[in-house]
1. Just checking, how many residues over the range 124-171 are of a type in the set (A, V, I, L, M, F, W, C) and at pLDDT 90 or above?
2. Please go through (1) under 20 Å from Pro158 (Cα atoms); (2) modelled with pLDDT under 95 for Tyr20 and return the number of the only condition it doesn't satisfy.
3. Could you please find all residues in the range 172-182 being surrounded by 10 or more Cβ atoms within 10 Å (Cβ to Cβ) and either at pLDDT 80 or above or among the acidic types (Asp, Glu) (or both)?
4. Restricting attention to the range 42-59, report how many residues are without any contact (Cβ under 8 Å) to a residue 40 or more places away in the chain and either charged (D, E, K, R) or not in a strand (DSSP E or B) (or both).
5. Given the structure, is Ala185 of a type outside the set (Lys, Arg), in contact with a Pro (Cβ under 6 Å, 6 or more places away or on another chain) and modelled with pLDDT under 85?
6. Can you tell me which residue is modelled with the highest pLDDT among those in the range 81-113 that are surrounded by fewer than 21 Cβ atoms within 10 Å (Cβ to Cβ) and among the small types (Gly, Ala, Ser)?
Amino acid sequence: MQGEGREQQAIAQDSDNKVYILTGLLVILIDQITKWSVYFFMEEHQSVSLIGDFFMLTFVYNPRGAFGFGSGAGSLYIFLSIIAIMVIVYYFQKSRRIERFLRLNLSLILGGALGNIIDRVAHGKVIDFFDMDFFDIHIEPFQLLGYQLAGYHIERWPVFNIADIAVTVGTFSVIIYIIIHPNFATQEQVRNPFDSGG
């Protein structure tokens, strides 16, 4: 009975892993289809209005990080993305306590990171096209722990893509999960209901 329980657990785990792999692949597929559609059917810096000035498609090349943040060192972002991918893959392989919600969001991060890496290899930059006029951000310079931090001001949100969305949603979800479950990494593994022991 114990052997059958472990076999059923292994089957269930393999099924779960397929879902996570498919999630990452789906992010990459949608990301690349949308990017190549923009690449073939639009000119660089061309904008197409979908909802007035609020929501537009604008074809731009982004040498920086997600949502245009960071510096223009593309090779650095490839390196950092590869490191992040290796950490996530390692975590998937070694951890048996990680919950499905966390794995799903790590799959989003993984798919998004790979999607943007493909762009950097193919074009040397990332193709961005979602151009939205969200709320303005005005943060005045301030001090934090004795350090003077520069302010931040944007009148229009940086142009982004599907991969950026996946990475951002996945990252914020993981952060929220860790805040809510600060001891998740040290919690004992929940006993498998198929494992009768003995």
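1. Taking the range 124-171 as the starting set, the residues that turn out to be of a type in the set (A, V, I, L, M, F, W, C) are 126-127, 129-130, 132, 134-135, 137, 139, 142, 144-145, 149-150, 154, 157, 159-160, 162-163, 165-167, 169.
Okay, now just the ones that are also at pLDDT 90 or above, so 126-127, 129-130, 132, 159-160, 162-163, 165-167, 169.
Selection size over the range 124-171: 13.
2. (1)
3. Our first condition is that a residue be surrounded by 10 or more Cβ atoms within 10 Å (Cβ to Cβ); within the range 172-182, this holds for 172-178, 181.
Once the filter is applied, which keeps residues that are surrounded by 10 or more Cβ atoms within 10 Å (Cβ to Cβ) and either at pLDDT 80 or above or among the acidic types (Asp, Glu) (or both), the range 172-182 yields Phe172, Ser173, Val174, Ile175, Ile176, Tyr177, Ile178.
4. So the answer is 5.
5. Working: of a type outside the set (Lys, Arg): yes; in contact with a Pro (Cβ under 6 Å, 6 or more places away or on another chain): no; modelled with pLDDT under 85: yes.
In short, no.
6. Initial filter on the range 81-113 (surrounded by fewer than 21 Cβ atoms within 10 Å (Cβ to Cβ)): 82-104.
From what is left, the residues that are among the small types (Gly, Ala, Ser) are 84, 95.
Details: Ala84: 71, Ser95: 59.
The qualifying residue modelled with the highest pLDDT is Ala84.
The values are calculated or read from the model by the stated rules, or taken from the named source; none is laboratory data. Being a predicted model, the structure only gives us computed values, none of them experimental. Positions of Cβ are generated from backbone atoms using ideal geometry, with glycine treated the same way; all protein chains shown enter the neighbour counts.
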